[in-house]
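To start, the structure itself, in structure tokens.
The values are calculated or read from the model by the stated rules, or taken from the named source; none is laboratory data. Source: prediction; values computed, not measured. Every residue, glycine among them, receives a Cβ derived from its backbone with ideal geometry; neighbour counts consider all protein chains shown.
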Amino acid sequence: MDQFIEAIASLAARAGIDKDQARAAVAAPKERDRADLSLPCFRWAKALGKAPNQIAEDVAAAFEPDGLLASVEAVGPFVNVKLDRGAFTKFALDAIDENYGKSEEGVGATVVIDYGSPNIAKPLLFHHLRSAVIGQALCNVHRWAGYKVVGINFLGDLGTAFGKLMVGIEKWGEPTTVAEYNRIYVNASNFCKENEGAMDAARAWAKRLEEGDETALRHWTNARKLSLAEFDTVYEWLGIKHDVVDGEKQYLDAGHAVVVELLNEGTAKESDGGIVIELSKKLKAFLIRKNDGASLYQTRDLAAARDRMERYDFAKMLYVVDIAQEFYFNQLFAALAKMGHAWADRCKHVKFGQVLVDGSRAKTREGGGTTLESVLQEGVRRARAIIEEKNPEIEGKEAIAKSVGTAAVIYCDLGFPTTKNIDFKWDEILRFDGRTGPYLQYVHASACGILRKGGGVTKFDASLLAGEHEWNLVRRLAEFPDSVQRACRDCEPSHVSNFLYDLAREFRSYHTAGSRDASLRVIVDDDALKAARLGLVDGVRQTLKIGLTLLGIDPLERM
RNA sequence: GACCCCGUAGCUCAGCCGGAUAGAGCGGUUGAUUCCUAAUCAACAGGUCGCAGGUUCGAGUCCUGCCGGGGUCGCCA
């Protein structure tokens with residue numbers, strides 16, 4: 001693509017336009033019939049002292065056939081360019097291999113991504129999916145862009161809740177599943193509410209845990225180990241793999257040390273018995289020690305951020321967390337800046353929308369909410385039913401059902417901008433047709449099917465791909481690398497999923513055109529043409545496969 | 001009260017650095033199965049891009065104000 005834009009910029013330069021500006025201004029028009037690429041000439045009118053229409057004329061007049069551009073025409077103030085389709089197609093398809101879309105953009109830089117981050121001793125609920133799936137996709141696209149990525153699962157393994165939990169464990173015994181932990185916590189929580197003595201005991205347990213009491217530590221270790229094992233089965237199901245598992249508890253001492261340090265240097269001060277960092281009128285004060293002397297989540301987060309900087313020297317650190325915590329992260333980053341860390345501006349809160357039930361925030365405390373596992377199981381159940389209906393003879397049904405059901409769920413999170421809320425309705429979340437994960441899998445499987453039937457890819461002559469449908473597909477294929485870069489730049493995986501959907505739809509349209517007009521089929525009698533079309537199908541297959549993998553969706557070859 | 005997100009077709013949403021005639025899916029209507037698998041495709045119907053100003057040659061896109069929905073605002077995480 002670059003060399004074609006460069007060719008247009010050169011023409012513009014000969015008409016007196018700054019080449020860099022011209023390069024940046026070249027764009028594909030929305031109406032794709034109009035031109036392949038176009039250059040609007042308004043902005044140089046003043047500098048050149050000429051009407052935009054005249055500038056466009058001048059640019060068009062500079063054109064000489066060069067093997068890259070087929071025609072250059074002034075249409076009003078726009079220069080409309082048609083590319084040499086043969087040349088472009090050859091470049092575009094040659095670029096596609098198993099590394100298509102990779103770039104060197106991030107080489108030498110490390111990006112730390114904090115995602116998943118559930119609380120232990122509680123089951124993973126549907127809304128936990130968002131951080132995990134979005135975070136994993138961001139890890140994948142950043143790796144594809146050349147970054148070194150450190151994906152961290154930062155467990156909520158500390159806090160006042162654990163005091164209550166231990167009251168429950170002492171009363172009702174040691175649980176053996178996360179569900180039991182949760183039930184005991186809920187019961188203990190109610191018990192403490194009605195019973196001031198129990199509340200005191202909970203506080204005492206929390207303190208004992210912080211101080212390293214042996215019994216408290218044993219309970220804590222059990223809960224953590226068991227939780228992690230259960231989380232891992234769900235993570236594995238979803239293709240989520242963290243590089244590092246950290247927890248808040250490990251930053252307890254470092255957190256206290258930070259508070260002391262900030263007090264000594266005067267960055268923090270006493271307020272109502274606690275310790276705060278005064279930020280600004282907008283961001284207010286940031287509490288880092290409670291009036292009972294205990295640290296808070298934010299204290300540990302400050303210590304963790306600092307530790308990660310020391311460990312990884314990151315160029316970017318992303319926190320993939322619910323939008324409800326936006327204010328908190330603004331405070332956290334401002335606090336880091338106030339502590340003198342110039343790297344505070346490398347931290348970014350990747351915020352995602354909430355899971356709503358009937359338009360309002362889902363109540364997840366007190367044991368409510370739908371577990372992630374039950375959503376995945378329901379997805380698989382529905383996928384299984386569809387397979388029985390559509391393709392009952394296929395081998396490996398169970399694995400395919402699992403993969404398709406999961407794809408439907410994952411697409412809910414990655415098919416739309418992260419900040420959108422999700423309204424929890426089973427029929428919305430588990431859709432299998434239209435703009436969905438299973439549709440993308442279907443199109444990929446269909447491309448694989450054509451290649452199987454057609455005998456695979458051989459050397460081919462790209463210039464034979466001269467049809468209108470083919471041209472649309474080729475142009476679309478060439479946009480993939482850009483979608484990956486934009487996903488990285490904006491921390492927005494839906495740039496990739498949108499691209500994949502457009503490509504998939506274009507491809508289905510291309511393929512089904514053959515049902516109406518036999519000359520448009522992929523598998524035709526003319527061997528050279530067939531080879532070229534199979535080459536194109538393989539480009540689509542390859543691109544879909546890479547894109548789906550970046551999103552964490554399994555690219556099935558049959559379904 | 002302050003701040004943040006959202007407002008585009010009946011519903012759910014795309015729309016990239018501002019560019020020419022606003023696009024999908026679902027739902028509705030009508031067709032299509034002698035290349036892969038109809039989990040599909042083609043076509044039709046459906047729009048005051050919340051409202052009002054502003055910047056600009058040009059605004060769904062940027063700025064200001066307002067309206068509506070959701071969210072957040074030191075002793076939870």
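Could you list, in sequence order, all residues of the range A:156-206 that are within 15 Å of RNA strand B (Cβ to nearest atom) and either among the small types (Gly, Ala, Ser) or modelled with pLDDT of 95 or more (or both)?
Of everything in the range A:156-206, those that are within 15 Å of RNA strand B (Cβ to nearest atom) and either among the small types (Gly, Ala, Ser) or modelled with pLDDT of 95 or more (or both) turn out to be A:GLY156, A:GLY159, A:ALA161, A:GLY163, A:ALA188, A:SER189, A:ALA202, A:ALA204, A:ALA206.
crowded, with 16+ Cβ neighbours inside 10 Å, more than 11 Å from RNA strand B (Cβ to nearest atom), at pLDDT below 95 and not charged (D, E, K, R): is that true of A:LEU430 in this structure?
For A:LEU430, the condition - crowded, with 16+ Cβ neighbours inside 10 Å, more than 11 Å from RNA strand B (Cβ to nearest atom), at pLDDT below 95 and not charged (D, E, K, R) - is not met.
Please go through the range A:373-389 and give me each residue that is out of contact with any Pro (no Cβ under 9 Å at 6 or more places or on another chain) and within 10 Å of RNA strand B (Cβ to nearest atom), ordered by number.
A:ARG382, A:ARG384, A:ALA385, A:ILE387, A:GLU388, A:GLU389, listed by residue number.
Return the residues of the range A:278-332 that are away from RNA strand B (no atom under 12 Å from the Cβ) and either surrounded by fewer than 16 Cβ atoms within 10 Å (Cβ to Cβ) or among the aromatic types (Phe, Trp, Tyr) (or both); say none if nothing qualifies.
A:ASP307, A:GLU310, A:ARG311, A:TYR312, A:ASP313, A:PHE314, A:ALA315, listed by residue number.
With A:ARG505, A:ARG541, A:ARG516 as the choices, which residue is under 25 Å from A:LYS459 (Cβ atoms) and assigned by TED's automatic domain parsing to the domain that holds A:ASP482?
A:ARG541
Keeping to the range A:263-277, report how many residues are crowded, with 18+ Cβ neighbours inside 10 Å and in contact (Cβ under 8 Å) with a residue 24 or more places away in the chain.
1
Only residues that are without any contact (Cβ under 8 Å) to a residue 24 or more places away in the chain and charged (D, E, K, R): list them for the range A:19-47, please.
A:LYS19, A:ASP20, A:ARG23, A:LYS30, A:GLU31, A:ASP33, A:ARG43, A:LYS46
Looking at (1) surrounded by fewer than 20 Cβ atoms within 10 Å (Cβ to Cβ); (2) closer than 27 Å to A:TYR115 by Cβ; (3) not polar (S, T, N, Q), find the lone condition where A:GLU395 falls short.
(2)
Would you confirm, using the coordinates I've provided, whether A:SER71 is within 19 Å of the chain's Cα centre (by Cα) and of a type in the set (Ser, Thr, Tyr)?
In short, no.
This table checks each residue for (1) hydrophobic (A, V, I, L, M, F, W, C); (2) within 14 Å of the chain's Cα centre (by Cα).
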| position | (1), (2) |
| --- | --- |
| A:LEU430 | yes, no |
| A:GLN441 | no, no |
| A:GLY449 | no, no |
| A:GLY455 | no, no |
| A:ALA462 | yes, no |
| A:ARG475 | no, no |
| A:PHE480 | yes, no |
| A:ARG489 | no, yes |
| A:SER497 | no, yes |
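What number goes with the only condition from (1) within 16 Å of RNA strand B (Cβ to nearest atom); (2) free of Cβ contacts under 8 Å to residues at least 24 places away in the same chain that A:TYR115 does not pass?
Result: A:TYR115 fails condition (2) only.
How do the helices (runs of 4 or more DSSP H) wholly within the range A:438-548 filter down when requiring 3 or more residues that are near RNA strand B (Cβ under 9 Å from one of its atoms) and modelled with pLDDT under 95: which remain?
Of the helices (runs of 4 or more DSSP H) lying wholly inside the range A:438-548, those with at least 3 residues that are near RNA strand B (Cβ under 9 Å from one of its atoms) and modelled with pLDDT under 95 span A:480-490, A:494-516.
Taking only the range A:428-437 into account, find how many residues are outside any helix (DSSP H, G or I), of a type outside the set (Ser, Thr, Tyr) and without any contact (Cβ under 8 Å) to a residue 60 or more places away in the chain.
Number satisfying all stated conditions: 5.
Determine which member of the set A:GLY340, A:GLY379, A:GLY405 is out of contact with any Leu (no Cβ under 9 Å at 6 or more places or on another chain) and either surrounded by 14 or more Cβ atoms within 10 Å (Cβ to Cβ) or of a type in the set (Gly, Ala, Ser) (or both).
A:GLY340
Could you figure out which of (1) closer than 17 Å to A:LYS122 by Cα; (2) modelled with pLDDT under 90 isn't true of A:GLU211?
(1)
Within the group A:ILE17, A:ILE55, A:ILE8, which residue is buried (at least 21 other Cβ atoms within 10 Å of the Cβ) and closer than 15 Å to A:PHE88 by Cβ?
A:ILE8 is the lone residue from the list that is buried (at least 21 other Cβ atoms within 10 Å of the Cβ) and closer than 15 Å to A:PHE88 by Cβ.
Test A:GLY67 against the criterion of being without any contact (Cβ under 8 Å) to a residue 40 or more places away in the chain, of a type in the set (Gly, Ala, Ser) and farther than 30 Å from A:LEU238 by Cβ, and give yes or no.
The answer is yes for A:GLY67.
Got at least one residue in the range A:52-61 being in contact (Cβ under 8 Å) with a residue 60 or more places away in the chain and of a type outside the set (Val, Ile, Thr)?
No - not one qualifying residue is present in the range A:52-61.
Scan the range A:390-427 residue by residue and report those that are part of a helix (DSSP H, G or I), within 7 Å of RNA strand B (Cβ to nearest atom) and charged (D, E, K, R).
The answer is A:LYS390, and nothing else.
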